1. What area, in nm² and to one decimal, does the C-alpha convex hull of the stretch B:294-350 cast on average over all directions?
2. What does the charge add up to near residue B:595, with Lys and Arg as +1, Asp and Glu as -1, over the other residues with Cβ less than 14 Å from its Cβ?
3. Sort B:67, B:337 so that the residue with the fewest other Cβ atoms within 10 Å of its own Cβ comes first and the one with the most comes last.
4. How shielded is A:40-49 by partner chains, expressed as the average number of their Cβ atoms within 10 Å of its Cβ atoms?
5. Which shape class applies to the stretch B:6-135: rounded if a/c is under 1.5, otherwise prolate when a/b exceeds b/c and oblate if not, where a ≥ b ≥ c are the square roots of the Cα gyration tensor eigenvalues?
6. Within a 10 angstrom radius of each residue's Cβ in A:66-73, how many Cβ atoms of other chains show up on average? Whole number is fine.
7. At 0.36 nm per residue, and after removing the present C-alpha to C-alpha distance, how many nm does the segment from residue B:123 to residue B:411 gain when stretched out fully?
8. What does the structure give for B:512-522 when I average, per residue, the other chain Cβ atoms found within 10 Å of the residue Cβ?
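Derivation of every value follows stated rules applied to the coordinates shown; laboratory data play no part. Given the structure is predicted, the values throughout are model-derived calculations rather than measurements. No Cβ is skipped: glycine too gets one built from the backbone with ideal geometry, and neighbour counts run over all protein chains shown.
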Amino acid sequence: MSDLALKIKAGRDVPAGEIEVLTFEIGGETFALEAAIVREILDLLPETIVPGSRPFVNAVVNFRGKVIPLADIRVAMGMPTAATTIDSRIVVVELDLDGVPSLIGLRTDRVNEVTTLSKANGEPPPRVGLKWPAQFIECLIQREGAFIIFPNLKAIFASKGKSSQPS
Amino acid sequence: MSTPDPADIFRIEAAELLEQMEQGLLDLEHRLDDRTLVDAVFRALHTLKGSGAMFGFDRLAAFTHHCETAFDRVRKGLADATPDLVSAVLDARDHMRALVEDPSGDHAEEERYLLERLQAAVSGTSTSPATTIVETPKPAVPDVPTTWHIRFGLPENTFVNGTNPLSFLDELRDMGECHVLLDRSALPPLEKLDPTALYFTWDVTLTTSKSRADIEDVFLFVMDDMSLTIEEATDGAPVVSAALPVSEPEAVQATPPVSEAPMERQAVEATSRPIVEVADPKLKRKVESVRVPAERLDELMDRVGELVIVQSRLQQIAASGADIALRTVSEEMERLCSELRVTMMVLRMVPVATLFDRYRRLVHDLQRDTGKKIELSTDGESTEMDKTVIERLADPLVHLVRNSADHGLESTEERIAAGKSETGSIRLSARQTGGEVIISVIDDGRGIDRARVRAKAETAGLIQPGATIPDQELLQLIFQPGFSTASSVTNLSGRGVGMDVVKKAIESLHGSIDIASRPGEGSTVSLRIPLTLAIIDGLLVRVGEGHHVIPLPAVEECIEISQEEDLRSRGRAFLSLRDALVPFIRLRELFATGTKPDLYQKMVVVSTGEERVGLIVDQIIGHHQTVIKSMSKLHDDVTTFSGATILGDGSVALILDVANLVSLGQEQEARLRAIA
C-alpha cells in the first residue's frame, strides 16, 4: 500500500488502522477517496470544453469564482462512456500537483457515503486479471464481499494521455 | 490577525535603508565631492545603526557604527571620499545585509577584513594635503562666541516617530549659554487637542563658539520634515529679555493649564518677529505614502475581480429586460467598476526605475570581475508596471545584463582595435506599447556569432546540420537549456544556465523575447511583457458553442468574410487584406468543435507587434472586462489558452494566447509555402 491510503488525518474519531473515506460510484464500480482531501460535493455545473487538453481533463467549471478542471476517472481508466443521470455529482478534491495545491472536480455517477475502511483489508492491485491500468490504482479494499477501488489520483493526473485535439 | 514580528518590520526598514545607502554610494562614486550624497549615506548608516540597536540587532549596530564613524570623518572634512572608501563601504553594506538576514551567523572573519579595508580607506587620505587644508580653518572659526537665534518647529507626528524634542534642546544647551522660549501659539483649544501631537515651536538664543553647521547638525536627522531658521544675532539682548525661559518638563507637557493665557500671549508676540515667515528652504513637501502588505492588495484585487464579474452579470440582465431604470443603474455600475479597476491597477503599478536601479550595483561589480569598462544607461524608467511582474523580471534581467557584460561586450583592447570607444555600453530601456511593456537590454558589443550558435546547435543536436532556419529562430536557440556559446566558463556566465531561465520566467509572465543582433555592433534583447497579470480588456467571441476571450490590446481589426470569400479561401491559409497577405486560422477547425460554421464568418486580426494572424470565429459578441483566472496545472499542456475567465452567466470562457496562435499561424503559412 502506498502513501495516500496510509496518510490518515490525525485527530478524528477513527479507530487505529482505519481511514475515513468518501465512497462513490463510477460505471457500476465503487471507488473511495480519503475524506480529508474531499472539499465539496456539487450538482452538475455548466462545463466549458478545453480544446486540445488531455481527454480525461477535457473541461473546466466555475467553482464559486474559481476555474477548476473537471477530471473523468472513467476516461482515464478506459471504461465505457455513459450519459449523466439525476444522481451524477462532481466531487471536488484538493490535491498537491507539482507543489501547487489544486482543486480538481471529479465526475461521478453517484456519491454514496462517508465511511471508515480498514487498511488491513487493503490489497495491492493484482498484476493480471485487472480491467484497468494497474498504475492508476492505489489499492483495493474488500468490504462485504465487494472490492472498493482506491484510485491513485496523482498517477492518473501525471499521465500524459492522448490529446483530444486532432492535428 | 497576528501582530507582525518587530524584527520583520525592522528588516523591511533595513532593506530600504540599505537600498538608499547603495544608491547613494553608487552616485557618490561619480561625484566624490558631493556633500549632500555624503550626508545621505551618513544618515542612512546612522538610522540603520539606531534602529538596529533598538530592535536587538546588536552586531549590525556595532558593525554599522564603524562605517558611520568612517563616513562621519568624510562629512566633517577630516577625510576624503575616495573610490576605495566607496567600494569598501559598498562591500560593508553587503555584509550589513547579511547581518540583517542572519544576525546569529558567524561573521567575525568577514567583519575583520571589511573593517581593515575601511580603516585603510579612511586613514589613507588623512595625511593628504587636501585634508590638512580642511582641518586648519576648523578650529580657527569657533574661538569667537557668537549669539544665534534659532527657531525650530517639529512636525505634529514627532512623538509618534519616537523623536524626543528634549534631546535637541539638550544638545544645544551643551554648546554654550542657552535661553529657550516655548512658542505654543499653535496649540489648539482643549476639545480639538490631540494629546499625541506636538504643537510647539521653540525659540532658542544660543551663545556658542560652534559654527552654524554644528548647530544644523543637531537637527540632521529631522531636517527634512522640520522648520528651522538660524540667524546670527546682531544684538542678543532684546530677544533674551522677551524670551521666557521655559523649564524642561513644561516644554514637553502636551496639555498645559488653561490659566496660563498671558504667557501664551507673550509667546505669540515673540512669534511675530520677521524670522517666523522664513521657512526652511530644505523643508520638503513629501508625498504621503502607506505601506500595505502585498497580499492585502491581492485580496482587494480579487474582490474587484469578483465585482467586475457580478457587474457583467447585472449588465446582461439589464440588457435583456426593458427596465430603463435598471439599465441606468447598470451603466452607472459599469462606469464605477471600470474606474475602480483602473484605480486598483494604478495602485499596483510601480515605475520600472525601482527595477533598473538594482542593476547599477551589478554593473559596478561586473566591471571589477570582467576588467571591462562598462557604462550602464537607462531610459523610460518612469514606465509603470504591475509590482508582481516587476519582481518576477528581476532575475531574468540579471542574467541578461550579465550575459551582455560577459559575452556581448569585448575587452578594452578588442574594443580599441575595433575602433570603438573604450567603454562598453549596456542600456536598459523600457517603453509601453498598447497592453504590453517592452524592456530591452541593449549592448554595443560584438553581437551574437550566428555561425557559432549554429555550430553549437548542430553539435547539441538541436538542429539538423545544414538546415535552413529563419534568423530569429536561430538566435532564439540561445535560450535552449544548456546552450552556451562561450568557449570558456567564467564564474559569471558560460555554464549555459541562465538564458533558459530567462525564457521560462518570461513565458510564465505570458511575455515573449525578441533578439536582434548585428555582428560587431551589438545585440538587443527585448522582453515583451503584458502590463498586468490580473485583469485585461478582452473581445468576447464565440466559436462553435464555446466562448473565448481575445485580449483587446492584441486586436487590430475585425472583418466580416463574405460567403464567396469564405469559399474561395478554402484550402488556403491566407487572405489578402488591403494588399497584404494575412495567414489565418479557423478556430472552429483548430478546436474541433464539430459544429457547422455560422453563415457569416468573422475574422479577428490579432498581432504581436510585427507578426499578425487572422482568427476566424463564428460570432463577435463584444467588449468584455476580463478577470484572468489561471488554468490548472492539469492544463499546462494546452498552449492555445493563457487563462480562463468567468462570464456574466457564470460560465467559463477561455482566454486565447495570442502569441502562441500567431506563431501557429506563421508555422502553418511556412508549411504551405514549402508545399507550394
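1. The number I arrive at for the stretch B:294-350 is 3.7 nm².
2. Values: positive: B:542, B:586, B:588, B:596; negative: B:545, B:589, B:598, B:618.
Every neighbour counted, the sum reads 0.
3. Details: B:67 28, B:337 20.
The fewest-first ordering by Cβ neighbours comes to B:337, B:67.
4. Other-chain Cβ atoms within 10 Å of each residue's Cβ, averaged: 3.
5. Prolate.
6. Across A:66-73, the average partner-chain Cβ count within 10 Å equals 4.
7. Values: separation 288, 0.36 × 288 = 103.68 nm, distance 3.40 nm.
Stretched out fully, the residue B:123 to residue B:411 stretch lengthens by 100.3 nm.
8. That works out to 0 on average.
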